[in-house]
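The values are calculated or read from the model by the stated rules, or taken from the named source; none is laboratory data. This is a predicted model, so every value here is computed, not measured. With ideal geometry, Cβ positions are generated from the backbone for all residues, glycine too; neighbour counts draw on all protein chains shown. Note: accessible area is taken over every heavy atom of the protein model, side chains too, but ligands, DNA and RNA are not part of it. Shrake-Rupley method; radii C 1.70, N 1.55, O 1.52, S 1.80 Å.
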Amino acid sequence: MTTEPHRIDVHQHVVPPLYRDALARAGIAEAGGRAVPDWSPESAIEAMDLLGTDTAVLSVSTPGTGFLDDPTAAADLARRLNDYCADLASRYPHRFGWFATLPMPDVPAAAEEARRALADLGADGVTLLANNRGSYLGSAGQDALWQVLDEHRAVVFVHPADLPAPAVDGIPPFAADFLLDTSRAAFLLVRAGVPRRYPRIRFVLSHGGGFLPYASHRMAVALAAETGRSPLDVLDDFRGFYFDTALTSSPAALPTLLAFARPGHVLFGSDWPFAPSPAGQYFANGLDTTVPADTLAAVNRTNAEALFPRLASAPPSPPRPRPAVERLRRSAQRVAARLAFKLVQPGTD
């Protein structure tokens, strides 16, 4: 591309030192089969500049606070993470937004922290893992949380977690299980009627919604047979979700996602730093080279601006002055990423 896309990235993760330390004390060195990556605000901005991203809405990835057995400790960690993110966004107001971490599956504590983060700290939304210690979104007993989120017209970023079952040897959870986890949560949310009973909540499903766009009609028929609802009504609920493009902008997946989602419901996502910069470049190239210009502009920015009005008023990030050698290196990285994307596409035979 000859101009910067000025993207808003709704799927970028934050790994504060306090969180890394908490994971280490619990003996956790990876998430979803990937090592917990290094992170700093400076490295995040560097990765954003490489992708042409103006603003990233940060979230804490799996396992969230669910690795802590003590509900009080989990609630305390969520508060400290949200205080950290609020401070970070205040120091970089045009570069970072944030989704609050909630101490699920403790619904009362999660509702309390959601209210604090949204009303007092200025969070742009909240993160909910698809399942928390085996308890899925859409399970009974979660209405106190949905009521708070509906009251605040919250954006809810749904991120997968490890399945509540042993991993299959040789298949890292991020490669396949994560997609199933998100699909399960979407199915159960619609089955429980959460989107219809709490219509002011805007749910964003990670990684293009997992398997949902591809399997939506099959899932709708199953739900219709169980509930007596029309398959069209079920599909309408599924299409009401928002979807990010993290690790999804391929010639195989992206057309299905764009054909399924409602207009305005597809948002740019990178999954950095769990997805390293070369992976982010690969899938960003898939988006940049396969969709019309108006669709590209909407996915890169304007669809997110509608969800996050605060970010719509932020001025585009001016290019940072860089030495000539660094500018050449960055240009070479982008050219190499575009070439790599073209080379690995399957043939037509």
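Observations, loosely collected:
- Potential extension, residue 305-residue 83 segment - 0.36 nm per residue separation minus Cα distance: 77.5 nm
- Peptide packing: for 215-223, 51-59, 163-171, the average count of neighbouring Cβ atoms within 10 Å per residue gives the ranking 51-59, 215-223, 163-171, highest mean first.
- The stretch 57-102: Rg to Rh, with Rh as the Kirkwood radius over Cα pairs: 1.03
- The mean of 1/r over all distinct Cα pairs in the stretch 168-230, once inverted, gives the Kirkwood hydrodynamic radius of 12.8 Å.
- Protein accessible area in the stretch 85-208, 1.4 Å probe - carbon and sulfur %: 53 percent
- Assuming charge only on the beta carbon of Lys and Arg (+1) and of Asp and Glu (-1), the dipole of the stretch 11-139 about its Cα centre is about 160 debye to the nearest 20.
- Descending principal axes extents, the stretch 113-165, alpha-carbon based, whole Å: 37, 19, 15
- Binning the alpha carbon pair distances of the stretch 145-200 at 5 angstrom intervals from zero yields the distribution 4, 17, 22, 19, 14, 11, 7, 4, 1, expressed in whole percent.
- Residue 236-residue 29 pseudo-label distance in nm [points 7 Å out on the Cα-to-Cβ vector]: 5.2 nm
- Probe 1.4 Å, protein heavy atoms only - accessible area per residue of the chain in square angstrom: 43 Å²
- Placing pseudo-labels 7 Å out from each Cα toward the beta carbon at residue 259 and residue 175 gives an inter-label distance of 2.7 nm.
- Calculated P(r) tail over 29 Å for the stretch 151-309, as whole % of Cα pairs: 17 percent
- Beta bridges by DSSP in the chain, antiparallel share as percent, to the nearest 5: 15 percent
- The dipole here belongs to the stretch 200-255: it is taken about the Cα centre, uses +1 on the Cβ of Lys and Arg and -1 on the Cβ of Asp and Glu, and is about 80 debye.
- Computed from the C-beta positions of residue 215 and residue 151, the FRET efficiency with R₀ = 25 Å rounds to 0.15.
- Calculated on C-alpha atoms, the gyration radius of the stretch 4-82 divided by its Kirkwood radius gives an Rg/Rh of 1.03.
- Across every pair of non-identical alpha carbons in the chain, the mean reciprocal distance, once inverted, gives a Kirkwood radius of 20.5 Å.
- The chain, dipole about Cα centre (Lys/Arg Cβ +1, Asp/Glu Cβ -1), debye to the nearest 20: 740 debye
- Extension gain, residue 313 to residue 225, is 27.1 nm, computed as 0.36 nm per intervening residue step minus the present C-alpha separation.
- q = 0.12 Å⁻¹, the stretch 15-160: log10 I(q)/I(0) [Debye, one scatterer per Cα]: -0.47
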